[in-house]
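Read through the structure below, which is laid out as structure tokens, and then see the notes.
The values are calculated or read from the model by the stated rules, or taken from the named source; none is laboratory data. Small disclaimer: the values here were computed from a predicted structure and weren't measured. Note that we place each Cβ from the backbone using ideal geometry, even for glycine, and neighbour counts take in every protein chain shown. Ligands, DNA and RNA are excluded from the accessible area calculation, which covers all protein heavy atoms including side chains. Shrake-Rupley method; radii C 1.70, N 1.55, O 1.52, S 1.80 Å.
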Amino acid sequence: MAVTRDHAKIPGMSAVVVAAVASIVAATVAGMYALAVRRLDARLQRIDKAQERIPERKFEIYEPVVDLLGRMFTSDHVPTRQEQQRKRYFDNWVGVYGAEGTVRAYSRLMQAVSHQPYPPGDIQVRLYTDFLLEIRDDIGAPDGRISRREILGARQVNLSDPTSLTDHDLDAVCRRAGWTPPWPPESPSRH
């Protein structure tokens, strides 16, 4: 009978051992999971901090050029040496920090204002507002619904063709103005 009693104890002990092993495994897995969650959380915090700095950095890069172009479009302002240096800095870095739309809009604006014959004022204003809208998208308002006319705000701009700001097809605007842009025709702008 002693043998039978020992056998009776073994299944009970097996259950205790299995439960103990299961508890140890569960604790180990939980500890590993908690460590992975902490590492992921720390990584996400670093990413969040980096993403918060991106708009600030872009603002630092965009601000001087937007100020300069704004003065040039609303007055007879001649850029100072310091403003010219800031513009060169912007020219160098917009391709790195700027979103695709911003780079394209700035490139078109710069090509247009240095192209002979010069584009009509309507085209220059259109390209300038396209650039401003792309900057807004790049800095953090990609779902905005502001129009070209609205982005001009209080600036008094006399356009010979008011539809130059509302027509989505820049190529059509250029054709109506009788000006051939120096870039190849593309699909309409999203603004």
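Structure notes:
- Label-to-label distance for residue 143 and residue 85 is 4.2 nm, based on points extended 7 Å past Cα in the beta-carbon direction.
- Model label points for residue 29 and residue 67, set 7 angstrom from Cα along the Cα-to-Cβ axis, are 6.0 nm apart.
- Accessible area ranking (1.4 Å probe, heavy atoms, ligands and nucleic acids excluded), largest first, for 21, 113, 173: 21, 113, 173.
- Ordered by 1.4 Å accessible area with all protein chains kept, 171, 91 run largest first as 91, 171.
- Karplus-derived HN-Hα couplings along the range 37-42 (A = 6.51, B = -1.76, C = 1.60, θ = phi - 60°), whole Hz, x at Gly and Pro: 5, 5, 4, 5, 4, 5
- Length gained on full extension, residue 100 to residue 38: 18.8 nm, using 0.36 nm per residue less the C-alpha separation.
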